[in-house]
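What follows draws every value from the coordinates through simple rules; no lab data is involved. Just so it is clear, the structure is predicted and the values come from calculations on it, not from any experiment. Don't worry about glycine lacking a Cβ; one is built from the backbone with ideal geometry, like all the others, and counts go over all protein chains shown.
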Amino acid sequence: MPARSEQNSIFGQCGNTAIDWLWHSFARYAFGLTVFSIIGVFSITGTRSAVGNEERIDYVVAVVNGQAITWTELRSSLVVRAFVDPLVSLLPPLLDELKNPSTEAQRTILDILIDRTLMLQEAERWGILLVSWEGEVAADMKRLKDSYPSELVFSDTLKLSGLEYAELEDWMRAGLIIDDLIFRKFINRIDAEKIDQESLQYFELHESEFSEAAKVRFEFVLVPLRLDASLQEETQALRSAEAIYSHLRNGTPIEEIQEFEQAAAHIEPDTGVDTLYITTKLGKEIAALKTNRWSFPIHTPSGFLIVNSRGVEKRRRQAYTEVKDEIKRMLIDKQVGEQMEKWLAEQKRIANWRILDSSLAQTMKTYSPSNQP
């Protein structure tokens, strides 16, 4: 069984390439917030797009049952991942790949967009309409903004990506429609009692594999820094972090730091207590520090971090009650994924779809009779 995914923290680390996250984050069913909630539907008009601060004439790259998929949709999809995991996706080298996507990345996302279009069309046949979703959209947007260190970082990241706030709302709204379809068409048909039985059986067979990785607990002060900050801004942030470090080492209570530094440098440092698994790069670095002693500022994707390690909590075996929901989600994910894969394969067989872009039509992962010579 794969290791547990690490917690979503403002101190996340840069990891995979574009192709890695396209397949691991887009091309599988994700319980609660599906792949299609992340991608959504694109309501872009006009003949030009400005994703990544670049302009290109828009054109149709594929048609699915008479519905067009445009270059704008494809290109925009490549940056949506930034809003699901902001502190990873907009860091080099992934940012460069987002702005200049490889042909492989374009082919991968087009394959996903074809699946999405087929599901949106099926949702329309089920009578799932684009109405009465405003409350859910607002809640999803709030969760999205809350995943960023601050409102400013969210706004800066949105601007950097070239996307509009209204576009994100449209994507979330359409994603909710497909979530509804998935629930009605696949999840609602799963035998809950059977899943309960299978989850306990799975745990009994794999009990030794269920454990929580060691993690370090720490108190922190973070001097925030925009992703596209200038050298002057970075220097100012570092000076502020060094000043905070000096005050903390001299015994100034952490509760007074925010007020002091805001008055001195017009910034609002974040403070609090957090934990990180020591399997992360930053977690290892913090775990190696002396306990109960403030560290010199550490440069992170969010800004400059000053931490006071409270020690490492050892790896521990987990009880069934702790992991049963995780196992049930995994079993449901597997069943739904298998059902969706079969259904999409059949839809692709009978649907009228064609890839018009010759470079993307070559070596596509999906099979289309209309793409054959």
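Taking a threshold of 29 Å on the Cα-Cα distance, which of the pairs Lys290/Lys328; Lys142/Lys328; Lys159/Lys328 fall above it? Write down the numbers at each step before the final one.
Working: Lys290/Lys328 40 Å; Lys142/Lys328 27 Å; Lys159/Lys328 39 Å.
Listed pairs above 29 Å: Lys290/Lys328; Lys159/Lys328.
Set Lys and Arg Cβ to +1 and Asp and Glu Cβ to -1, take the dipole of the range 214-314 about its Cα centre, and tell me which of Leu305, Thr291, Pro253 lies farthest positive.
Positive-end residue among those listed: Thr291.
Tell me whether the range 214-314 comes out rounded, prolate or oblate; compute the Cα gyration tensor, take square roots of the eigenvalues as a ≥ b ≥ c, and use a/c under 1.5 as the rounded threshold. Before the final figure, lay out the partial values.
On the way: a/c = 2.28, a/b = 1.41, b/c = 1.62.
Oblate is the answer for the range 214-314, as a/c is 1.5 or above yet b/c matches or exceeds a/b.
Under 20 Å Cα to Cα from Lys334, which lysines show up? Leave out anything in the same chain fewer than 8 places away.
Lys185, Lys194, Lys324, Lys342
Take the range 168-230, compute every pairwise Cα distance, and split them into 10 Å bins from 0; I just need the percent in each bin.
Histogramming the range 168-230 at 10 Å steps yields 14, 17, 20, 30, 17, 2 percent.
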